[in-house]
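J.: Below is one structure. I have some questions about it.
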Amino acid sequence: MSATLDDEIEQLRERAALLKKQLRVHASTLLSARPTRELLSDGNTGDDKVRKQLLELCDAHVAHKQQCLYRAGASVTAFRVRDPDPNAVDGGRVLGLRLDVMMGAQFLRPYYVLLHRDSSRQPTQKRQQQQQPQQPQAQRLRIHRHTVPPCIPLSGLAARYLEGTAAVPAGAGVSGPDLYGFVRALRRALVRYHNRLAVIGDLRRAVQQRSADDSESHDTALADVSGADTEAKQIRLDWADNRTGRLVMDDSGNIQQLVVIGATGIRDRAAARALLAGETTALGLVRRLATN
């Protein structure tokens, strides 16, 4: 009886949180609409104090809407930073990059990468002789500071694109770092990482919902799903009968391998085939478990 009451209380709390979220969305939509501002600016409606407060809210929501539109359209922003350290490289001149990622209809905390010019790396004499006299040599860029997760191969991307090993477009006239290629590759890696995290969360919720619906026997049901590595490329699966599994996917979420080990330590190929049912992507597996 107490378990049923606790479940009902938890469902009511989730319902209340959802209603509050919907209320905030509707209020933001109304306050950022042009007719609402025109009605409040008319001066013939309501108390002046209340109208002034609503106008301030309208301005705040309009500014927030404009910021969201900019972050959605320009997901990467470049800016200049001055390092206050008197012994900083290149006189403290730093190029900052802000990368925005949207997930679940909201923006995540931005990621920042700071770059400085590597003035210490100079081409060798032999290399200078091989270069054409009229072709300028651009200075390399190096990572100064960053807030990128450790699972993202930032050093590898920097070595490929910022240290001159990446291909430079023909006719550029300068042999130097490919900053645009670096930004594209880095943001792609960040988006894929968060997509994999979202897939793991969706798979966990689908399994929990399936267990709550009692669609299969509790003795053989898939009981828990969790991430198994920092890159979110491996998923640990636990069954109620002590079977365990490991699902491996690539950067894009395609399933590469699924291994299920029984309680006796013997590989259960039939359980792996039954779970996948021909699905080749982790997202497809989530949809199948959510609908069945």
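J.: Which condition does Glu231 not pass, out of (1) touching a residue at least 40 places away in the same chain (Cβ under 8 Å); (2) touching a Leu at 6+ places or on another chain (Cβ under 6 Å); (3) of a type in the set (D, E, K, R), if it passes all the others?
T.: So the condition that Glu231 fails would be (2).
J.: Can you confirm whether the range 257-278 contains a residue that is within 30 Å of Leu99 (Cβ to Cβ) and surrounded by fewer than 17 Cβ atoms within 10 Å (Cβ to Cβ)?
T.: Among the residues of the range 257-278, not one is within 30 Å of Leu99 (Cβ to Cβ) and surrounded by fewer than 17 Cβ atoms within 10 Å (Cβ to Cβ), which makes the answer no.
J.: On to the next question. Mind counting the residues in the range 219-228 that are outside any loop (DSSP other than H, G, I, E, B), without any contact (Cβ under 8 Å) to a residue 40 or more places away in the chain and not polar (S, T, N, Q)?
T.: Residues in the range 219-228 being outside any loop (DSSP other than H, G, I, E, B), without any contact (Cβ under 8 Å) to a residue 40 or more places away in the chain and not polar (S, T, N, Q): 4 in total.
J.: Spot the failing condition for Ser211; the list is (1) over 21 Å from the mean Cα position of the chain (by Cα); (2) modelled with pLDDT of 85 or more; (3) assigned to a helix (DSSP H, G or I), and only one is missed.
T.: So the condition that Ser211 fails would be (2).
J.: Just to verify a result, which residue in the range 232-283, among those that are of a type in the set (Ser, Thr, Tyr) and part of a loop (DSSP other than H, G, I, E, B), is nearest to Val207 (Cα to Cα)?
T.: Step by step, filter the range 232-283, then rank; the result is Thr280.
J.: From Leu197, Leu186, grab the single residue that is at pLDDT 90 or above, in the same structural domain as Leu99 (by the TED database), under 30 Å from Tyr161 (Cβ atoms) and not β-branched (Val, Ile, Thr).
T.: When all the criteria are applied, what remains is Leu186.
J.: Another question about this same structure. Which one of Gly104, Gly96 is assigned by the TED database to the domain that holds Val183 and at pLDDT 80 or above?
T.: Result of the check over Gly104, Gly96: Gly96.
J.: May I ask you to say which residue of Asp90, Asp85 is of a type in the set (Asp, Glu), within 30 Å of Leu141 (Cα to Cα) and surrounded by 14 or more Cβ atoms within 10 Å (Cβ to Cβ)?
T.: Exactly one of Asp90, Asp85 is of a type in the set (Asp, Glu), within 30 Å of Leu141 (Cα to Cα) and surrounded by 14 or more Cβ atoms within 10 Å (Cβ to Cβ), namely Asp90.
J.: Could we say that Val207 is in contact with a strand residue (DSSP E or B) (Cβ under 6 Å, 6 or more places away or on another chain), touching a residue at least 24 places away in the same chain (Cβ under 8 Å) and not assigned by the TED database to the domain that holds Gly104 here?
T.: Yes, satisfied.
J.: Which residues, taken from the range 100-119, are more than 21 Å from Arg140 (Cβ to Cβ), in contact (Cβ under 8 Å) with a residue 12 or more places away in the chain and in a strand (DSSP E or B)?
T.: Listed by number, the residues that qualify are Met102, Met103, Phe107, Tyr111.
J.: Kindly check whether there is at least one residue in the range 224-243 that is under 23 Å from Gln209 (Cβ atoms) and of a type in the set (Lys, Arg).
T.: Yes: one or more hits.
J.: Within the range 164-181, is there a residue that is within 23 Å of the chain's Cα centre (by Cα), over 16 Å from Leu95 (Cα atoms), loosely packed, with under 15 Cβ neighbours inside 10 Å and at pLDDT 90 or above?
T.: no
J.: Assuming Leu5 fulfils every condition listed in (1) free of Cβ contacts under 8 Å to residues at least 24 places away in the same chain; (2) surrounded by 10 or more Cβ atoms within 10 Å (Cβ to Cβ); (3) hydrophobic (A, V, I, L, M, F, W, C) apart from one, which condition is it?
T.: Looking at each condition in turn, Leu5 falls short on (2).
The values are calculated or read from the model by the stated rules, or taken from the named source; none is laboratory data. Quick caveat, the model's predicted, so the values are computed rather than measured. We place every Cβ from the backbone using ideal geometry, glycine too, and count neighbours over all the protein chains shown.
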